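Down below is the structure, laid out as structure tokens.
The values are calculated or read from the model by the stated rules, or taken from the named source; none is laboratory data. Everything numeric in this text was worked out from a predicted model, so none of it was measured. Neighbour counts run over all protein chains shown; Cβ positions are idealised from the backbone, glycine included.
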Amino acid sequence: MDDNFNKSYTTKLESLVELAQILGQQSDYEEVLRLVVEKASSLVNSDAALIMMINPKTRNTIKTIFAEKNRDDEQNHFVHTNISGWVILNNSSLLSPDIKSDNRFRKKLFDKAMAKSAICVPFRIENIIIGTLLLLNNESNCSFTVREFSLIEKFSAIVSPFLHCTQDIARYFISPLPKQVLLNKYAVLGLLGKSKKFIELLQAIEAAARCDVRILLEGESGTGKELVARAVHKLSSRSQNKFVAIDCGAIQPNLVESELFGHIKGAFTGASIDRKGLLEEANGGTLFMDEINNLPVDMQSKLLRVLQDEEIRPVGSNLIRKVNVRIITASSSLLQKLIVEKNFREDLYYRLNVYPIFVPTLNERVEDIPLLADHFLKKFSVEQKKEVEGIHEEVLDFMKQRHWTGNIRELENFIERLVTLTNKKQKIIDKKILPPELQKELKKIKKVYENILITKSLGESLTDYEEQLIRNTLNSCNWNQSKAARILNISEHAMRYKMTKLKIEKS
């Protein structure tokens, strides 16, 4: 058990060195803070991670960053303010296995908080505190250990200089691209949108492209993770070399090794010629490994060795070949959950998760639906030799109100189907084009909104809409509360609270 822990601890320390290399190449202050909070959270698998930075001139708080999964939790902000205050006042780090019974704080101060265990460390420059990092675990998770506390203190010491330097660089040197220039730049690469979540994604891609490190993309199926990977490659120093993609869930487990490493003639039945593997095909460029969560366990250890040694050995061969490949992986399942379930190697996760990027769902980007729909409309109108020019407002409103389980891929298929159903000379897609099941769905949504608008007070209407939205989301996720909370961009605690308050139960 200790050997396994020591191995894991060593891997995490190595990942801190990689983080330092990345931060040394960043000039976007927001992106540095995002990377720091995401990496800290993953190191100890916390339920929430929060950063507060302090203005060096006024000593007022200038920036508070929440880990994505708990951004809307006001109680965490309350806990953060009080614990950070203690850390700054005492100029000391804090480990608390149970904050509710911690006698360093006033009794019942945290009674309403969902958090149980806490680690809070200061960021220091020349012994001056420039900010704090708070990590929280809820009742359902384990309390933080002394070893995890020690790891986060080391983490703080490593990242503090970069937080200070980056603040100066951002102020005096490189400025982020103007919003419209940024949107135009990525529209050429097939990434379309204008929502806040989408712009945050583009800023993460922009920063990641400057670093020649491994990237882990996490997000639901159909959100466009391969497009993100292609954009990173296109804007990186490897853009003149190959971009190669593989879907780890689409090939048989016994063929994965040959696909990745290649084979020599006679290595197995059917191997009639020597064949390069995808790692060698992508040499000098980028290999995108989609659905890495489906990689067989035995192949996980072999991939880990490649990442460590930058060497491959084709199936059936005794010769070692050197490769220099940037690996970008993607997963629609949470890898940290798979690690707990013993279905994914923890050491491989930290090797792959050098630069984390979360790709938002279409339901988090409702503002982008008209833009994406128009793009797909033009594409399929040309392909099908039709003259469709637009979508009726009623259909567009319907598209913005419905839930997209399959994300952008589902929207694309939706538009293709509607274009197929139009006649040759039809200019506008209206509700008459919708097939029966979508007509029924449209009427149902309209009825809900009409009832809300006509018969209820504002408070009652909002409550009804909230209940319907949560119930529909839970249904689309087979009542998986964690997944539904993520789609709605709220914490699991908030989801459970709302379900109890609104009396939402699975029928």
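Some points to look at:
- Among the candidates Ile273, Ile292, Ile246, the residue that is among the aliphatic types (A, V, I, L, M), in the same structural domain as Asp347 (by TED's automatic domain parsing) and surrounded by fewer than 16 Cβ atoms within 10 Å (Cβ to Cβ) is uniquely Ile273.
- Selection of the stretch 319-332 for residues being assigned to a strand (DSSP E or B) and in contact (Cβ under 8 Å) with a residue 60 or more places away in the chain yields Arg326, Ile327, Ile328, Thr329, Ala330, Ser331.
- Any hit, the stretch 300-318, residues being under 24 Å from Glu218 (Cα atoms), of a type outside the set (A, V, I, L, M, F, W, C) and in a loop (DSSP other than H, G, I, E, B): no
- Pairing each residue of the stretch 107-123 that is assigned by TED's automatic domain parsing to the domain that holds Phe144 and within 12 Å of Asn137 (Cβ to Cβ) with any residue that is of a type in the set (D, E, K, R) and crowded, with 22+ Cβ neighbours inside 10 Å, provided the two are 6+ apart or on different chains, yields C-beta distances under 8 Å for Met114/Asp73; Ala115/Asp47; Ile119/Glu148.
- Residues of the stretch 487-506 satisfying the condition of being touching a helix residue (DSSP H, G or I) at 6+ places or on another chain (Cβ under 6 Å) and hydroxyl-bearing (Ser, Thr, Tyr): Ser491
- Residues in the stretch 206-247 that are in contact with a helix residue (DSSP H, G or I) (Cβ under 7 Å, 6 or more places away or on another chain), closer than 20 Å to Tyr349 by Cβ and in a strand (DSSP E or B): Ile215, Leu216, Leu217, Ile246.
- Of residues in the stretch 478-503 being hydroxyl-bearing (Ser, Thr, Tyr) and without any contact (Cβ under 8 Å) to a residue 60 or more places away in the chain, the one farthest from Val366 (Cα to Cα): Thr500
- Look at (1) in contact with a strand residue (DSSP E or B) (Cβ under 9 Å, 6 or more places away or on another chain); (2) part of a helix (DSSP H, G or I); (3) at pLDDT below 85 and you find that Lys7 fails only one, number (1).
- Subset of the stretch 249-269 [assigned to a helix (DSSP H, G or I), surrounded by fewer than 21 Cβ atoms within 10 Å (Cβ to Cβ) and not polar (S, T, N, Q)]: Pro253, Leu255, Val256, Glu257, Glu259
- In this structure, Ile312 does not satisfy being without any contact (Cβ under 8 Å) to a residue 12 or more places away in the chain, outside the structural domain of Ser140 (by TED's automatic domain parsing), touching a helix residue (DSSP H, G or I) at 6+ places or on another chain (Cβ under 9 Å) and within 29 Å of Lys12 (Cβ to Cβ).
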